[in-house]
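Working notes for the structure below.
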(Lines give C-alpha, C1' and ligand atoms only; values in the text may rest on other atoms or scores of the structure.)
Protein backbone atom coordinates (compact mmCIF):
# COMPACT_ATOMS: atom_id res chain seq x y z
CA UNK A 1 0.00 0.00 0.00
CA UNK A 2 1.01 3.60 -0.38
CA UNK A 3 2.55 5.53 2.47
CA UNK A 4 1.22 9.01 3.15
CA UNK A 5 3.33 11.93 4.34
CA UNK A 6 2.83 15.31 5.87
CA UNK A 7 5.35 18.03 6.73
CA UNK A 8 5.20 18.87 10.43
CA UNK A 9 6.61 21.59 12.66
CA UNK A 10 7.48 19.63 15.80
CA UNK A 11 7.79 22.82 17.86
CA UNK A 12 4.39 24.20 16.87
CA UNK A 13 2.70 20.80 16.49
CA UNK A 14 1.31 21.94 13.14
CA UNK A 15 1.14 20.29 9.74
CA UNK A 16 0.26 21.16 6.17
CA UNK A 17 -1.95 18.78 4.18
CA UNK A 18 -0.98 18.19 0.55
CA UNK A 19 -4.55 17.50 -0.63
CA UNK A 20 -5.47 21.07 0.37
CA UNK A 21 -3.18 22.17 -2.49
CA UNK A 22 -4.07 19.59 -5.14
CA UNK A 23 -1.08 17.32 -4.47
CA UNK A 24 -0.85 13.65 -3.62
CA UNK A 25 0.03 12.40 -0.16
CA UNK A 26 2.76 9.99 -1.28
CA UNK A 27 6.32 11.28 -1.01
CA UNK A 28 7.19 11.17 -4.71
CA UNK A 29 3.85 12.66 -5.74
CA UNK A 30 4.99 16.06 -4.47
CA UNK A 31 8.77 15.99 -3.84
CA UNK A 32 9.84 18.01 -6.89
CA UNK A 33 11.48 21.38 -7.40
CA UNK A 34 8.91 24.03 -8.33
CA UNK A 35 6.12 22.00 -6.65
CA UNK A 36 3.69 24.48 -5.09
CA UNK A 37 3.02 22.38 -2.00
CA UNK A 38 6.74 22.07 -1.18
CA UNK A 39 6.97 25.81 -1.89
CA UNK A 40 4.43 26.45 0.86
CA UNK A 41 6.61 24.59 3.34
CA UNK A 42 9.62 26.56 2.09
CA UNK A 43 7.75 29.79 2.86
CA UNK A 44 6.96 28.51 6.36
CA UNK A 45 10.61 27.70 7.17
CA UNK A 46 12.10 30.78 5.45
CA UNK A 47 13.29 33.70 7.59
CA UNK A 48 10.14 35.46 8.78
CA UNK A 49 7.99 32.34 8.16
CA UNK A 50 5.82 30.86 10.90
CA UNK A 51 8.02 27.75 11.17
CA UNK A 52 11.42 29.44 10.87
CA UNK A 53 13.72 27.98 13.53
CA UNK A 54 11.41 25.02 14.19
CA UNK A 55 12.37 21.36 14.03
CA UNK A 56 10.85 19.86 10.88
CA UNK A 57 9.92 16.35 9.79
CA UNK A 58 8.18 15.03 6.67
CA UNK A 59 6.38 12.33 8.63
CA UNK A 60 5.25 9.09 7.01
CA UNK A 61 2.35 7.09 8.38
CA UNK A 62 4.50 3.90 8.31
CA UNK A 63 7.35 5.47 10.34
CA UNK A 64 8.40 4.01 13.67
CA UNK A 65 6.48 5.13 16.78
CA UNK A 66 7.87 8.08 18.71
CA UNK A 67 9.72 7.31 21.93
CA UNK A 68 7.28 6.79 24.76
CA UNK A 69 4.26 6.69 22.42
CA UNK A 70 2.41 3.93 20.66
CA UNK A 71 1.99 6.08 17.52
CA UNK A 72 4.35 7.88 15.18
CA UNK A 73 4.27 11.65 14.68
CA UNK A 74 2.09 11.40 11.55
CA UNK A 75 -0.65 9.70 13.58
CA UNK A 76 -0.27 11.92 16.63
CA UNK A 77 -1.10 15.10 14.72
CA UNK A 78 -3.47 13.37 12.27
CA UNK A 79 -6.11 12.76 14.88
CA UNK A 80 -6.54 16.42 15.75
CA UNK A 81 -7.58 18.86 13.02
CA UNK A 82 -6.57 21.82 15.20
CA UNK A 83 -2.97 21.05 14.20
CA UNK A 84 -3.65 21.54 10.47
CA UNK A 85 -2.83 24.92 8.92
CA UNK A 86 -3.50 26.16 5.40
CA UNK A 87 -1.10 28.97 4.46
CA UNK A 88 -1.52 31.00 1.31
CA UNK A 89 0.42 30.04 -1.81
CA UNK A 90 3.19 32.41 -2.89
CA UNK A 91 5.64 32.37 -5.76
CA UNK A 92 8.77 32.74 -3.66
CA UNK A 93 11.80 30.85 -4.94
CA UNK A 94 14.62 29.63 -2.73
CA UNK A 95 17.86 28.23 -4.10
CA UNK A 96 19.42 26.91 -0.90
CA UNK A 97 18.05 24.44 1.65
CA UNK A 98 19.86 24.73 5.00
CA UNK A 99 20.22 22.60 8.10
CA UNK A 100 20.68 25.17 10.84
CA UNK A 101 21.64 22.49 13.39
CA UNK A 102 24.43 20.78 11.43
CA UNK A 103 25.40 23.89 9.42
CA UNK A 104 25.00 22.09 6.08
CA UNK A 105 23.27 23.20 2.91
CA UNK A 106 22.16 21.98 -0.52
CA UNK A 107 22.30 24.11 -3.66
CA UNK A 108 19.18 23.15 -5.63
CA UNK A 109 20.80 24.35 -8.89
CA UNK A 110 23.32 21.48 -8.62
CA UNK A 111 20.82 18.61 -8.28
CA UNK A 112 20.81 16.19 -11.24
CA UNK A 113 17.76 16.09 -13.48
CA UNK A 114 15.56 13.12 -12.57
CA UNK A 115 13.24 12.93 -15.56
CA UNK A 116 11.93 14.92 -18.52
CA UNK A 117 8.50 14.71 -20.13
CA UNK A 118 8.14 16.04 -23.66
CA UNK A 119 5.05 17.47 -25.28
CA UNK A 120 5.74 18.65 -28.80
CA UNK A 121 8.69 21.06 -28.66
CA UNK A 122 8.25 21.71 -24.92
CA UNK A 123 10.16 19.95 -22.17
CA UNK A 124 8.91 19.45 -18.64
CA UNK A 125 11.99 18.64 -16.52
CA UNK A 126 11.66 17.11 -13.05
CA UNK A 127 14.27 17.37 -10.31
CA UNK A 128 13.83 15.89 -6.84
CA UNK A 129 13.47 18.53 -4.15
CA UNK A 130 15.85 17.91 -1.24
CA UNK A 131 13.57 19.26 1.52
CA UNK A 132 11.04 16.39 1.72
CA UNK A 133 13.71 13.73 1.16
CA UNK A 134 16.22 15.01 3.71
CA UNK A 135 13.54 15.45 6.40
CA UNK A 136 11.37 12.35 5.80
CA UNK A 137 10.72 9.50 8.23
CA UNK A 138 9.47 6.11 7.09
CA UNK A 139 10.77 6.10 3.50
CA UNK A 140 11.08 2.68 1.87
CA UNK A 141 8.07 1.16 3.63
CA UNK A 142 5.30 1.93 1.16
CA UNK A 143 4.30 2.66 -2.39
CA UNK A 144 5.12 6.13 -3.64
CA UNK A 145 8.33 6.35 -1.59
CA UNK A 146 11.71 7.26 -3.06
CA UNK A 147 13.18 4.01 -4.37
CA UNK A 148 16.82 4.90 -3.92
CA UNK A 149 19.15 3.79 -1.17
CA UNK A 150 21.02 6.79 0.22
CA UNK A 151 22.23 8.04 3.56
CA UNK A 152 20.69 11.40 2.58
CA UNK A 153 17.13 10.10 3.03
CA UNK A 154 15.92 11.34 6.41
CA UNK A 155 19.34 12.70 7.34
CA UNK A 156 17.85 16.03 8.50
CA UNK A 157 14.59 14.73 10.02
CA UNK A 158 13.70 16.62 13.23
CA UNK A 159 16.40 19.24 12.69
CA UNK A 160 15.97 23.00 12.32
CA UNK A 161 15.80 23.39 8.54
CA UNK A 162 15.36 26.61 6.57
CA UNK A 163 15.72 28.01 3.06
CA UNK A 164 17.51 31.00 1.58
CA UNK A 165 18.02 32.85 -1.67
CA UNK A 166 21.65 33.50 -0.66
CA UNK A 167 24.48 31.03 -0.19
CA UNK A 168 24.96 30.65 3.57
CA UNK A 169 28.28 31.58 5.17
CA UNK A 170 29.86 29.16 7.60
CA UNK A 171 27.84 26.18 6.27
CA UNK A 172 29.22 23.10 4.49
CA UNK A 173 27.72 22.20 1.12
CA UNK A 174 26.54 18.62 0.72
CA UNK A 175 25.94 16.97 -2.63
CA UNK A 176 22.31 15.98 -3.14
CA UNK A 177 22.75 13.60 -6.07
CA UNK A 178 19.44 11.72 -5.99
CA UNK A 179 17.39 11.01 -9.10
CA UNK A 180 15.01 8.30 -10.20
CA UNK A 181 16.21 5.71 -12.68
CA UNK A 182 19.65 4.33 -13.40
CA UNK A 183 21.23 7.62 -14.43
CA UNK A 184 20.31 11.31 -14.48
CA UNK A 185 18.06 12.47 -17.29
CA UNK A 186 19.36 14.73 -20.06
CA UNK A 187 17.42 17.42 -21.91
CA UNK A 188 17.16 17.04 -25.67
CA UNK A 189 18.73 19.93 -27.59
CA UNK A 190 16.58 22.73 -29.02
CA UNK A 191 13.55 22.28 -26.79
CA UNK A 192 11.74 24.95 -24.83
CA UNK A 193 11.34 24.57 -21.09
CA UNK A 194 7.68 24.69 -20.14
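The values are calculated or read from the model by the stated rules, or taken from the named source; none is laboratory data. Only a predicted model underlies this, so the values are computations on that prediction, with no experimental measurement involved. Virtual Cβ from ideal backbone geometry, glycine too; neighbours counted across all protein chains shown.
A few comments on the model shown:
- Looking only at segment 5-19, residues that are in contact with a strand residue (DSSP E or B) (Cβ under 8 Å, 6 or more places away or on another chain) and either part of a loop (DSSP other than H, G, I, E, B) or more than 19 Å from residue 98 (Cβ to Cβ) (or both) come to 9 in all.
- If you go through segment 6-24 and pick out every residue that is surrounded by fewer than 18 Cβ atoms within 10 Å (Cβ to Cβ) and free of Cβ contacts under 8 Å to residues at least 24 places away in the same chain, you end up with 2.
- Test for residue 107: is it exposed (fewer than 15 other Cβ atoms within 10 Å of the Cβ), modelled with pLDDT of 95 or more, touching a strand residue (DSSP E or B) at 6+ places or on another chain (Cβ under 8 Å) and on the phi < 0 side of the Ramachandran plot: no
- Considering only residues in segment 25-53 that are surrounded by fewer than 17 Cβ atoms within 10 Å (Cβ to Cβ) and either under 13 Å from the mean Cα position of the chain (by Cα) or not in a loop (DSSP other than H, G, I, E, B) (or both), the one that is modelled with the highest pLDDT turns out to be 29.
- In segment 138-192, the residues that are closer than 30 Å to residue 122 by Cβ and not in a loop (DSSP other than H, G, I, E, B): 143, 163, 192
- Residues (in a loop (DSSP other than H, G, I, E, B) and either out of contact with any helix residue (DSSP H, G or I) (no Cβ under 7 Å at 6 or more places or on another chain) or exposed (fewer than 15 other Cβ atoms within 10 Å of the Cβ) (or both)) located in segment 55-65: 62, 64, 65
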